[in-house]
Number of protein chains: 2
Amino acid sequence: MGGDHGASVVIPGAAAALARHPDIEFILVGDRIAIEAQTAGYAEIGHRSRIVHTDVAVRMEDKPSQALRHGRWKSSMWLAIDAVKRGEADVVVSAGNTGALMAMARFHLKTMAGIERPAIAGLWPTLRGESIVLDLGASIGADANYLVDMAVMGSAMARVLFDLERPSVGLLNIGVEEIKGLEDVREAGRILRTGNFPKMEYAGFVEGNDIGRGTVDVVVTEGFSGNIALKTAEGTARQFGEILKSAMNRTWSARLGYLLARNAFRAMREKMDPRKSNGGVFLGLNGVVIKSHGGTDAEGFAAAIDIGYDIVRYELLAKISEMLSDHRREDVSAGHVGRAAS
Amino acid sequence: MGGDHGASVVIPGAAAALARHPDIEFILVGDRIAIEAQTAGYAEIGHRSRIVHTDVAVRMEDKPSQALRHGRWKSSMWLAIDAVKRGEADVVVSAGNTGALMAMARFHLKTMAGIERPAIAGLWPTLRGESIVLDLGASIGADANYLVDMAVMGSAMARVLFDLERPSVGLLNIGVEEIKGLEDVREAGRILRTGNFPKMEYAGFVEGNDIGRGTVDVVVTEGFSGNIALKTAEGTARQFGEILKSAMNRTWSARLGYLLARNAFRAMREKMDPRKSNGGVFLGLNGVVIKSHGGTDAEGFAAAIDIGYDIVRYELLAKISEMLSDHRREDVSAGHVGRAAS
């Protein structure tokens, strides 16, 4: 029911993902009439899905606390999360209200042992391919231990989605020496450099311009700056696109040039297509929850389902647990006051 | 002496700025031989400048504390700042080590009454023209009062550089409700909404994508996220440029299209030219200090001088003081515990 378009994007998106992964089964949670109006056009979805009906839907403008108060036990968002909680589904994909989805997922699925709060991780198109960036805005601020936990979760995600043995991980920082307020980032760097992390390659600090360059596979930062980075990059890409478009319309020779180069422009648009990297993954919960952009189309929603498919198939949660316990076992054996042991 | 190219960029840059503003006089501080090797090619600079010789130069890799220890009283950076301190110059422009420049400027010029620390403000090209963004990384974190001070300083700068009566000001934020850790941003918003700021128009919260859109004239944030935003935008612009370039080289028809549209591409490059917005202004000091990008060319360095020229000519520091006292007088008269009164 979520997002700007509800079932009219979700069902065609599910159909597109199903065409790529014929073993998916869907539980479609929401208003049966709205859902069936869409599934009528996609027979294959009808065969691979069941509908869980509810009249109640969290609205895009609801605050998280309102959504929890009014939507618990009965809203489509809650029932979808509940399907994961009860083991009936492996992953929730929602285009709905981000804050509500996070609040409900956290309330119902709970965080993994030793993880204090969830983070949102996303795919970021780069000059080298794609990187994972987290936290994109689940919470504000991060102490050294939480930055380390995010490095672990993000690199587990990179192992799963990019099929890497030892993804490289960078901590987002700014390039000024001797500035106060970076103690947590520095301390996280120290832990990542000296700790037992056989399944990631800590690459040190990176700056904002390293993200698009693809300097590392995983970029870790706290949620405020991560969200600002994401939105600023989106804004810059749109700005560039609009300036390019108006430049190509200025003169007849530019328009003719555009026609001749239209395949090149199409290839470029595909490379920067935000739909292909759609899907924010909530990391640190006992269950997989994916947030699709509310304004995306069916192709974008399908991309979010694809991410969920890979995450479940390659056992992201097990990999996160394993990496966290590698790190914490060492904490304990070395006599550190590890949080898992305290 | 500073930057990647020293006098070979600074002197031609000064010549370019002088051509636009024939009333500028320069004090060229540094190694006399290196300077004269350059001024020989620019007779007009010779007539409008004097050289203050010193052998000592702060190196790009020096930490701020090292620079202060070894370069105080004698380095070219210090002597240039000292010329402002003693009223011999109106503005310092340096392409040197940012941290050292900030530390020396702060040490020698001191912060303005009531301003706890300086911020770095920069011009940001947008779809509507240009905006001012601060803090780009002078310090980390900002409480509500400091965010308000930055809003005042940034809007004074917008009045001066953009010739606006009441520039619009936005606080950079992330679009999630009920998230902990945003109290300072919210409180700053409350002060800006209800306070006495006749010379700015507070426009509320903006997100990262609003910067490139030009939603407001002035974007205010603390230095970590501001620096991340700046660098991320630079990285995205470079990424877009490289993808465009390689797309235009893929096929003969794309190359031909590029040739036909080359004027359009040139116009676009000019619009996004980072040299035109070169120059970070240190705000909140008793003097004007401009940091040019270390890697820029003469045209970029000239743009930094131009900013300094306008800032001095239109009396930025007086405008900041006036706006701050408007705000604080009200604090006192309303019985608030204003910092100016406490």
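Worth pointing out:
The rows are residues; the columns are (1) surrounded by 16 or more Cβ atoms within 10 Å (Cβ to Cβ); (2) in contact (Cβ under 8 Å) with a residue 12 or more places away in the chain; (3) outside any helix (DSSP H, G or I); (4) touching a helix residue (DSSP H, G or I) at 6+ places or on another chain (Cβ under 8 Å).
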site: B:250; (1), (2), (3), (4): no, no, yes, yes
site: B:254; (1), (2), (3), (4): yes, no, no, yes
site: B:264; (1), (2), (3), (4): yes, no, no, yes
site: B:275; (1), (2), (3), (4): yes, yes, no, yes
site: B:282; (1), (2), (3), (4): yes, yes, yes, yes
site: B:296; (1), (2), (3), (4): yes, yes, yes, yes
site: B:304; (1), (2), (3), (4): yes, yes, no, yes
site: B:311; (1), (2), (3), (4): yes, yes, no, yes
site: B:321; (1), (2), (3), (4): yes, yes, no, no
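- Unmet criterion (only one of (1) over 18 Å from the mean Cα position of the chain (by Cα); (2) charged (D, E, K, R); (3) within 24 Å of residue B:293 (Cβ to Cβ)) for residue B:166: (3)
- Count of residues meeting criterion [surrounded by 24 or more Cβ atoms within 10 Å (Cβ to Cβ) and of a type in the set (Phe, Trp, Tyr)] in region A:67-77: 0
- Selection within region A:117-145 - touching a Pro at 6+ places or on another chain (Cβ under 9 Å) and not in a loop (DSSP other than H, G, I, E, B): A:125, A:131, A:132
- Condition met for residue A:118 (surrounded by 21 or more Cβ atoms within 10 Å (Cβ to Cβ) and more than 10 Å from every other protein chain (Cβ to nearest Cβ)): yes
- For region A:161-187, filtering for residues that are surrounded by fewer than 24 Cβ atoms within 10 Å (Cβ to Cβ) and either more than 13 Å from chain B (Cβ to nearest Cβ) or within 19 Å of residue A:123 (Cβ to Cβ) (or both) leaves 8.
- Test for residue A:99: is it in contact with a Lys or Arg (Cβ under 8 Å, 6 or more places away or on another chain) and closer than 30 Å to residue A:319 by Cβ: yes
- Candidates B:244, B:260, B:192, filtered to the one that is without any contact (Cβ under 8 Å) to a residue 60 or more places away in the chain and buried (at least 24 other Cβ atoms within 10 Å of the Cβ): B:192
- Of all the residues in region B:10-33, those that are assigned to a strand (DSSP E or B), free of Cβ contacts under 8 Å to residues at least 60 places away in the same chain and on the phi < 0 side of the Ramachandran plot number 3.
- Residue match in region A:223-230 (condition: in contact with a Ser or Thr (Cβ under 9 Å, 6 or more places away or on another chain), more than 9 Å from chain B (Cβ to nearest Cβ) and under 20 Å from residue A:156 (Cα atoms)): no
- If you go through region A:240-277 and keep only what is polar (S, T, N, Q), farther than 17 Å from residue A:125 by Cα and either at the interface with chain B (Cβ under 8 Å from one of its Cβ atoms) or in contact with an Asp or Glu (Cβ under 8 Å, 6 or more places away or on another chain) (or both), you end up with A:251, A:253, A:263.
Each reported figure results from applying straightforward, stated rules to the coordinates on display, with no laboratory input. Treat the numbers as computed from the prediction; the structure is a model and nothing was measured. Note that each Cβ is placed from the backbone with ideal geometry, even for glycine, and that neighbours are counted across all protein chains shown.
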